[in-house]
Ligand code: HEM
């Protein structure tokens with residue numbers, strides 16, 4: 001074993017030196033910090049890579065080259081640079097890098113999120129956008145969302161009477177999980193239907209595995225050895241999902257045809273499969289891959305966004321009061337917020353944007369991948385580089401944001417900047433071909449949950465913790481959530 005390590009190290013050093021000699025001579029690579037043999041710059045990343053990359057980019061510029069193991073990375077950290085990668089040259093950067101965990105969790109890369117750019121991904125994306133996440137489809141789940149939110153509000157009333165703290169983070173995460181399940185599967189499954197560990201735990205375990213730094217991704221020749229045991233764990237998890245999704249599909253076959261209005265997402269996909277009308281091969285494996293994509297993409301993103309917004313509102317009581325005032329004016333104090341109210345809640349919109357600026361829940365988007373050699377802004381970007389767009393840095397760029405570290409929703413007054421990927425200083429959903437196809441649904445969920453929480457309750461920190469003491473530590477993953485759950489005491493404020 002020791003001898004193997006010796007030879008692996010020698011090969012790695014030789015390959016690294018040859019590569020840098022080859023590239024260094026002819027090409028003008030973007031600037032970047034000095035790396036070390038084998039690791040490249042991997043050692044410069046700690047528990048919060050988006051923050052580390054932000055700090056490093058301050059010295060090396062908005063288009064920066066870094067080598068993680070054998071993998072070249074381009075780190076993009078300003079709105080102008082993001083526009084070059086996600087708009088001007090979007091087609092070149094619209095792929096995703098190979099990713100070991102994703103490979104085992106995507107029914108041999110049949111999913112959308114990690115799918116390489118090509119006709120297959122384009123077809124799947126079209127199907128998702130037109131059939132599964134269309135305005136019509138999203139509206140058809142409106143009454144389900146209303147029902148779930150009603151139960152959610154009720155669940156806090158007891159704690160309000162007793163004046164005891166609730167784990168708001170856990171509650172919001174259950175709510176988004178239940179909404180996602182009902183939308184995708186048509187019903188809530190019992191936790192034990194998936195696995196003894198329960199539904200949310202298994203999904204979160206998957207998100208952790210996908211985000212875990214895997215040596216096999218950075219040093220492909222180490223992949224087969226599976227030194228961290230990640231491949232083994234991922235395969236076991238993939239089996240759990242496979243068994244469960246097969247059961248879900250069998251349940252749908254048994255339930256038979258439903259009217260269009262009552263169709264959940266699995267129904268819709270199964271009709272497409274049975275009709276044989278899709279423009280590409282579409283079988284049970286594709287349905288399973290999309291089920292997992294939609295669950296993974298919708299559960300944590302919305303919940304983490306709500307957590308951060310509530311945290312900022314608590315730290316900024318005048319903003320909280322102003323938002324409650326807007327809700328009182330538009331909704332009154334006698335009823336819950338309805339989806340149809342959302343368009344009139346302008347201040348809510350500014351609060352959401354400001355929080356997504358400071359706390360983009362996908363701070364490095366999902367890595368993009370260059371499909372060919374290309375020159376960008378005078379720099380050579382090699383084929384098969386990973387592109388990390390640092391949303392966290394972009395939202396704090398002092399050239400476009402005054403007082404960037406401060407939470408000021410009013411900065412959006414009279415501004416046309418929105419979050420839909422047209423304004424490169426604010427990209428919480430990404431932009432271009434790979435931009436989030438669930439943006440409309442995501443925004444509805446986030447605005448609806450935040451407005452309901454703020455409208456129905458006043459919130460207070462327990463145990464006389466002062467607002468200054470509320471920690472804002474992050475837990476890094478594909479989705480960045482609060483490191484510590486938000487524990488708060490609710491006081492019901494409606495008149496009924
Ligand atoms: C607040 C909620 C959400 C946020 C902040 C968010 C953010 C993002 C971001 C940053 C990306 C990567 C963009 C890129 O790589 O350029 C993404 C991709 C994606 N999102 Fe969302 N998302 C949210 C909700 C949703 C929902 C509700 C769904 C669907 C049910 C969804 C489905 C997807 C899919 C399928 C992709 C992959 C697209 C592709 O690779 O072609 N997202 N999202």
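A short reminder: the numbers here are calculations on the coordinates, not readings from a lab. Keep in mind the model is a prediction, meaning the values are calculated, not measured. Glycine gets a Cβ as well: all are built from the backbone with ideal geometry, and neighbour counts include every protein chain shown.
Rounded to the nearest 500, what is the chain's calculated 222 nm mean residue ellipticity when only DSSP H runs of at least 4 contribute -39500 (n - 2.57) each, over all residues? Mind dumping the intermediate values first?
Working: 18 runs with 241 residues, N = 496.
Taken over the chain, the calculation gives -15500 deg cm²/dmol.
In what order do 189, 65, 117 fall by count of nearby beta-carbon atoms within 10 Å, going from fewest to most?
With the sparsest Cβ surroundings first, the list reads 189, 117, 65.
Once each part is reduced to its C-alpha centroid, what is the distance from the stretch 54-102 to the stretch 147-177 in angstrom?
After rounding, the separation between the Cα centres reads 40 Å.
Taking only Cα atoms, what is the 0 to 90° angle, nearest 10, from helix 230-255's long axis to the longest principal axis of the chain?
Computed tilt is about 40 degrees.
With axes computed from alpha carbons, what is the tilt in degrees of helix 49-60 against the longest principal axis of the chain, rounded to the nearest 10 within 0 to 90?
60 degrees
Kindly put 29, 144, 299 in sequence by how many other C-beta atoms sit within 10 Å of each C-beta, fewest to most. Intermediate values should be presented prior to the final figure.
Numbers: 29 18, 144 15, 299 25.
Ranking 29, 144, 299 by Cβ neighbours within 10 Å, fewest first, gives 144, 29, 299.
Would you mind ranking 348, 151, 336, 132 so that the residue whose beta carbon has the fewest other beta carbons within 10 Å leads the list?
With the sparsest Cβ surroundings first, the list reads 151, 336, 132, 348.
Under a point spin-label approximation (7 Å from Cα along Cα-to-Cβ), what is the residue 170-residue 321 distance to one decimal in nm?
Simple spin-label model gives 3.3 nm for this pair.
Please give the contour-minus-distance gain from residue 492 to residue 464: 0.36 nm per residue of separation, less the Cα-Cα distance, rounded to one decimal in nm.
8.1 nm
Tell me the angle of helix 199-211 to the major Cα principal axis of the chain, expressed in degrees between 0 and 90 and rounded to the nearest ten.
Long axis of 199-211 versus the principal axis of the chain: about 30 degrees.
Any chance you could list the semi-axes, whole Å, largest first, of the equivalent ellipsoid that the Cα gyration tensor gives for the chain, using √(5λ)? All intermediate terms of the calculation are to be shown ahead of the outcome.
Working: eigenvalues 285, 169, 95 Å².
Those come to 38, 29, 22 Å.
Please tell me the relative contact order of the chain in percent, rounded to the nearest whole number, where contacts are Cα pairs under 8 Å and at least six residues apart. Please report the intermediate quantities before stating the final value.
Working: 699 pairs, mean separation 118.6, N = 496.
Relative contact order comes out at 24 percent.
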